[in-house]
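> Got a structure for you, questions after.
The values are calculated or read from the model by the stated rules, or taken from the named source; none is laboratory data. Keep in mind it's a predicted model, so treat the numbers as computed, not measured. Using ideal geometry, Cβ is built from the backbone for each residue, glycine included, and neighbour counts are taken over all protein chains shown. Protein only, heavy atoms only, side chains kept; ligands, DNA and RNA dropped before computing areas. Shrake-Rupley method; radii C 1.70, N 1.55, O 1.52, S 1.80 Å.
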Amino acid sequence: MGRAAQWLSLAMGCTAAVTCAVAATLVARRAAAWCRWSRAVEVVRGFEEACATPTERLQRVVNSLAVEMFAGLASEGASKVRMLLTCIDALPNGSEEGIYYVIDLGGTSFRVMRLELGSGSMVINKKVEHQPIPEKLTKGTSEDLFDLIASALKNFIDREGGKDVGMTLGFTFSFPVRQASISSGSLIRWTKEFSIEETVGKDVAQCLNEALARNGVNLQVTALVNNAVGTLAMGHYYDEDTVAAVIIGAGTNASYIERSAAITKCQGLLTNSDLTVVNVEWGSFRPPQIPLTPYDICFNNYVKCNQYDQAFEKMISGVYLGEIARAVLQRMAQESDVFGTSVNCLSTPFIFSTPCLAAIREDDSPDLIVVSRVLKEHLKIQDVPLKTRRLVVRVCDIVTRRAARLAAAGIVAVLQKTGRDGTLCGTTKVRKIRGGEPKRSVVAIEGGLYQGYSVFREFLNEAVDEILGDEIASTVCLRLMEEGSGIGAALLAASYSSTRQNSA
Ligand code: BGC
């Protein structure tokens, strides 16, 4: 072999070696990238498995909640589900008339309302104003919070050119309250984003009355109602088959009409009617069949209010869903590089809101453009590849699906407690009723999450049908009651002020 040929073969050998090395590096990089991607997928897969809610598991959740509801009615403190008595033994029937003001407090904003009611279930006029509550007031003093509300009501009445004299005020207060009368009740504890310690144990109607007096408003609370109870009242006003109401918004809860005789914890209490409205407070239910994932409990580290408590609410409601998804995305970013390197925002608690989660899950564009935009605008994560965007959608889907299906189980549990689910209950052994016409049952639903998030609604409706079966499901109607919590408080203020006048 000549020298030239030797050089040539050496050069070819080197090139081949370099090519092999490059190829090996590429393969190694690909393998590493694949490995990191698989770890991200594994995080999602593990989360999905833990959040699974097959029908049979949901049925067991239904039975557990129904059992807790029985216990809650039997004696005070026997269950985590408080089953609070509302002192309401009659619901609006359409004959209510007059002008009413309402304060509706439940989330980080409150509503001031003026309603004119005409007989025959007619809301003749309605004026509503939303007022944000600065975050520091949700953790400040009782006086500051109630003064903010009272002065907003005063300005509202002034702007309306109205007079407050002789008007009746409904107060929707969407936190657990122990009531001894329709117009008073002491706060058991704050939930959601509120934590004003000094208010706990106080009569919140009185707190508002005092603030109204300080602000020169000549009104007093006539009806103090939970938002689930207000929604039930409005549902009943339009449809007498309404047996229960559910809130699915910032928080979650239910109320329903119970037979007074079934409330053993208050046997002997004077009541004018066979029926009593119960505020379930199901947010504190802890479904034993549903494991809490690390992402469900991570916020116990930084949200001190109701730490390790309100499990049902934390898996279902708007304050928390975005945060659960954020924790999963953060874990994916820690395990892999699927979001690139600029992922600092992902470690900020509550930066990813539930409306962001909903926007991502509802993105049906082929390239998931909305997903890109939300990740960029809210989490400052740029240029996320399509396959990663799909994984993000899957995370939001898992969080939504579990939440909606658990809420559905809650609804069926309330129906079971009222004997409207096609089973014979009254004992923990639930049997299917044979024969007999099942009654039509309406469940009134209010709350931004249910109202504004269509995928959530679909999952919930689907799960209710699945648990009940077609025959019974066809007798159950879930009915959206927009602004039910506020309007319902006006209706209750109306019926209870006329009851008072009539009995005076
Ligand atoms: C409160 C309930 C309320 C629900 C919905 C929960 O956190 O405990 O009283 O009805 O939120 O707003």
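> Given the condition of a type in the set (D, E) and either farther than 14 Å from I487 by Cα or in contact with a Gly (Cβ under 9 Å, 6 or more places away or on another chain) (or both), answer yes or no: does some residue in the range 119-132 qualify? Break it down stepwise before answering.
Residues of the range 119-132 of a type in the set (D, E): 129.
Checking which are either farther than 14 Å from I487 by Cα or in contact with a Gly (Cβ under 9 Å, 6 or more places away or on another chain) (or both) leaves us with none.
No - not one qualifying residue is present in the range 119-132.
> Evaluate the following for R434: is it modelled with pLDDT of 95 or more and more than 16 Å from the ligand (Cβ to nearest atom)?
It is false that R434 is modelled with pLDDT of 95 or more and more than 16 Å from the ligand (Cβ to nearest atom).
> Evaluate the following for A254: is it within 16 Å of the ligand (Cβ to nearest atom), of a type in the set (A, V, I, L, M, F, W, C) and in contact with a Ser or Thr (Cβ under 8 Å, 6 or more places away or on another chain)?
No.
> Could you check, for the range 266-279, whether at least one of its residues is within 16 Å of the ligand (Cβ to nearest atom) and either part of a loop (DSSP other than H, G, I, E, B) or closer than 30 Å to V44 by Cα (or both)? Break it down into steps so the answer makes sense when it comes.
As a first pass, look at the range 266-279 and keep what is within 16 Å of the ligand (Cβ to nearest atom): 277-279.
From the residues that got through so far, the ones that are either part of a loop (DSSP other than H, G, I, E, B) or closer than 30 Å to V44 by Cα (or both) too are none.
Checking the range 266-279: not a single residue is within 16 Å of the ligand (Cβ to nearest atom) and either part of a loop (DSSP other than H, G, I, E, B) or closer than 30 Å to V44 by Cα (or both).
> If you go through the range 72-106 one residue at a time, how many are within 15 Å of the ligand (Cβ to nearest atom) and either within 19 Å of G486 (Cα to Cα) or basic (K, R) (or both)?
Looking only at that region, the number is 8.
> Another question about this same structure. If I go through the range 47-89 residue by residue, how many of them are of a type in the set (G, A, S), on the phi < 0 side of the Ramachandran plot and assigned to a loop (DSSP other than H, G, I, E, B)?
Summing the residues that are of a type in the set (G, A, S), on the phi < 0 side of the Ramachandran plot and assigned to a loop (DSSP other than H, G, I, E, B) in the range 47-89 gives 4.
> Is it the case that S474 is away from the ligand (no atom under 16 Å from the Cβ), over 25 Å from D397 (Cα atoms) and buried (at least 20 other Cβ atoms within 10 Å of the Cβ)? Talk me through it step by step, then tell me what you get.
Numbers: away from the ligand (no atom under 16 Å from the Cβ): yes; over 25 Å from D397 (Cα atoms): yes; buried (at least 20 other Cβ atoms within 10 Å of the Cβ): no.
Taking the combined requirement at face value, the residue does not satisfy it.
Yes/no per residue for (1) at pLDDT 95 or above; (2) more than 24 Å from A494 (Cβ to Cβ); (3) buried (at least 21 other Cβ atoms within 10 Å of the Cβ):
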{"residue": "T138", "(1), (2), (3)": "no, yes, no"}
{"residue": "L145", "(1), (2), (3)": "yes, yes, yes"}
{"residue": "D158", "(1), (2), (3)": "no, no, no"}
{"residue": "G161", "(1), (2), (3)": "no, no, no"}
{"residue": "V165", "(1), (2), (3)": "no, no, no"}
{"residue": "S184", "(1), (2), (3)": "yes, no, no"}
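> Ok, one more. Is it the case that the range 202-211 has a residue that's open to solvent by 10 Å² or more (accessible area, probe 1.4 Å) and part of a loop (DSSP other than H, G, I, E, B)?
Checked against the condition, which is being open to solvent by 10 Å² or more (accessible area, probe 1.4 Å) and part of a loop (DSSP other than H, G, I, E, B), the range 202-211 yields at least one hit.
> Which residues, taken from the range 107-116, are within 15 Å of the ligand (Cβ to nearest atom) and part of a strand (DSSP E or B)? So that I can check it myself, show each step before the final result.
So in the range 107-116, the residues within 15 Å of the ligand (Cβ to nearest atom) come out as 107-111.
Those that are within 15 Å of the ligand (Cβ to nearest atom) and part of a strand (DSSP E or B): S109, F110, R111.
> Residues in the range 212-246 that are within 12 Å of V443 (Cα to Cα), open to solvent by 10 Å² or more (accessible area, probe 1.4 Å) and near the ligand (Cβ under 9 Å from one of its atoms): how many?
Of the residues in the range 212-246, 0 are within 12 Å of V443 (Cα to Cα), open to solvent by 10 Å² or more (accessible area, probe 1.4 Å) and near the ligand (Cβ under 9 Å from one of its atoms).
> A further question follows. Considering the range 477-496 alone, what residues qualify as being within 25 Å of the chain's Cα centre (by Cα), away from the ligand (no atom under 16 Å from the Cβ) and open to solvent by 20 Å² or more (accessible area, probe 1.4 Å)?
Going through the range 477-496, the residues within 25 Å of the chain's Cα centre (by Cα) turn out to be 477-492.
Imposing the further condition that a residue be away from the ligand (no atom under 16 Å from the Cβ) reduces the set to 477-479, 490-491.
Hits for the range 477-496 are C477, L478, R479.
> Return the only residue of L137, L148, L153, L169 being assigned to a strand (DSSP E or B) and of a type outside the set (F, W, Y).
L169
> Enumerate the pairs (first residue in the range 176-201 and of a type in the set (D, E); second residue anywhere and within 12 Å of the ligand (Cβ to nearest atom) and outside any strand (DSSP E or B)) with beta-carbon separation below 7 Å, excluding pairs fewer than 6 apart on the same chain, so at least 6 apart or on different chains.
E193/T108; E193/V319
> Something else now. If you go through the range 316-334 one residue at a time, how many are crowded, with 16+ Cβ neighbours inside 10 Å, out of contact with any Leu (no Cβ under 6 Å at 6 or more places or on another chain) and outside any loop (DSSP other than H, G, I, E, B)?
9
> Just to be sure, is Q289 part of a loop (DSSP other than H, G, I, E, B), open to solvent by 10 Å² or more (accessible area, probe 1.4 Å) and modelled with pLDDT of 95 or more?
yes
> For residues that are in a loop (DSSP other than H, G, I, E, B), within 27 Å of Y302 (Cβ to Cβ) and open to solvent by less than 50 Å² (accessible area, probe 1.4 Å), tally how many sit in the range 352-392.
4
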